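Report on the following structure.
The values are calculated or read from the model by the stated rules, or taken from the named source; none is laboratory data. What you are looking at is a predicted structure, and each value in this text was computed from that prediction instead of being measured. All Cβ positions, even for glycine, are placed from backbone atoms using ideal geometry, and neighbour counts span all protein chains on display. With ligands, DNA and RNA removed, areas are computed over all heavy atoms of the protein, side chains included. Shrake-Rupley method; radii C 1.70, N 1.55, O 1.52, S 1.80 Å.
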Amino acid sequence: MAKFRKTSPQRIPGLFDGFDDFSAEAGSDFRIIPDGKMEEIARRMAKENREEDVIDELPPMKVADKVFFMSFGSGSSGNCSYVGDREGGFLIDAGVEVAKVVDGLRRNGVSMERVKGICLTHDHGDHIRDVYGLLRRYRHLRVYCTPKTLNGILRRHNVSRRIKDYHAPIYKEFPFRIGNFEITAFDVMHDGADNAGYFITHGDVRFAVATDLGCISERVDYYMRRATHIVIEANYDLQMLREGRYPEYLKARIEAANGHLDNRVTAQFLADIYTPRLRNVFLCHLSHDNNTPQKALGEVATALAGIGVTRIGNGFDSMNEPGMPPSQLHLVALPRYDASLLYPLDPLT
């Protein structure tokens with residue numbers, strides 16, 4: 001329960017990827033951009049963005065506009081989700097088979113031509129393994145991630161160097177735009193390369209996404225408190241983890257401040273930041289071995305009940321029982337292997 005608002009520890013190599021993720025040859029001619037050079041590039045790009053592209057606020061959302069969210073898989077087996085409106089949208093991460101993503105969107109009336117880009121949270125295999133497959137098949141797509149994240153992908157994974165041709169560099173705390181969405185990357189604490197969460201704005205919709213994180217840092221707290229809809233990790237039940245079959249070094253890594261989040265920490269945090277503005281909470285990245293949807297949902301529901309939030313829905317107001325008051329909050333555990341429903345993210349009214 002002490003995993004709140006820690007300062008960033010020194011990053012050490014992650015153990016959550018498979019061992020075969022470290023496939024770059026030692027003799028490769030690819031060079032990592034030095035930190036000093038990276039800071040110079042970031043300053044130049046930030047100046048250009050301020051002069052040209054970055055906007056202070058999106059124009060008001062049209063009355064007919066709606067925002068939708070869908071997950072195609074959430075967990076160490078693969079992560080990918082979609083955020084969009086009626087005109088288009090984007091993917092967050094690309095760790096799920098291309099056919100599964102394309103089919104899931106098609107069944108909900110969304111063609112890949114309406115998907116404008118892929119925002120990557122970090123360089124672990126379960127978040128990036130299918131990114132080049134998507135780019136090679138749909139060449140209009142762009143990959144939005146920080147230069148350090150791209151360096152991590154190229155260094156640690158057997159990915160074509162041509163991915164650089166599709167890269168649109170972004171920088172934390174500097175907004176960028178995809179279609180009708182303004183997006184701001186923010187720092188989260190995990191053991192990948194330059195891990196990011198995303199704060200997504202569309203009219204009155206404020207959507208905060210943090211898929212892998214070991215603690216609630218100041219930047220996570222800042223953006224989550226401003227959100228009307230949240231995706232946040234609830235990775236493990238502490239008792240299941242400590243009594244489970246994982247080796248001790250891996251248990252320690254998962255419990256670390258740059259590992260993953262315990263159900264109880266997520267639940268306590270959500271109860272702490274809850275206001276009536278918060279409409280949807282999607283719990284993501286549940287462990288197959290150290291958690292269950294029932295445990296994660298139960299911890300959060302119990303914490304919310306402690307502050308008087310007892311009318312909890314399942315993502316759709318239309319599914320409330322007739323004659324009952326509307327839900328105070330919708331709470332969903334995203335499926336680990338399967339595609340979720342397409343959830344509407346209603347604006348404040």
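Quick check on the range 243-297: of everything there that is of a type in the set (D, E, K, R) and outside any helix (DSSP H, G or I), which residue is most open to solvent (accessible area, probe 1.4 Å)? For the range 243-297, the residue satisfying everything is R245. Taking the stated definitions as given, is G214 more than 13 Å from the chain's Cα centre (by Cα) and at pLDDT below 95? Here the answer is no, as G214 does not meet what is asked. Close contacts from the range 324-336, counting a first residue that is closer than 16 Å to L304 by Cβ and assigned to a strand (DSSP E or B) and a second that is open to solvent by 20 Å² or more (accessible area, probe 1.4 Å) and among the aliphatic types (A, V, I, L, M), with Cβ to Cβ under 6 Å and a gap of 6+ residues or different chains, come to L329/I312; L331/I312; A333/L297.
Residues that are part of a loop (DSSP other than H, G, I, E, B) and either closer than 15 Å to N195 by Cα or free of Cβ contacts under 8 Å to residues at least 60 places away in the same chain (or both) within the range 146-157 comprise just one, T146. Please tell me if I232 is more than 22 Å from Y132 (Cβ to Cβ) and not polar (S, T, N, Q). Taking the combined requirement at face value, the residue satisfies it. So, R311, is that one under 22 Å from the mean Cα position of the chain (by Cα) and either open to solvent by 60 Å² or more (accessible area, probe 1.4 Å) or on the phi > 0 side of the Ramachandran plot (or both) or not? No. If you go through the range 158-179 and pick out every residue that is open to solvent by 10 Å² or more (accessible area, probe 1.4 Å), farther than 24 Å from V67 by Cβ and either among the hydrophobic types (A, V, I, L, M, F, W, C) or free of Cβ contacts under 8 Å to residues at least 40 places away in the same chain (or both), you end up with 7. Please verify whether Y343 is under 18 Å from the mean Cα position of the chain (by Cα) and either open to solvent by 60 Å² or more (accessible area, probe 1.4 Å) or of a type in the set (D, E, K, R) (or both), treating the condition exactly as stated. So Y343 does not fit the description; no. Of the residues E218, E182, the single one that is in contact with a strand residue (DSSP E or B) (Cβ under 7 Å, 6 or more places away or on another chain) and open to solvent by 10 Å² or more (accessible area, probe 1.4 Å) is E182.
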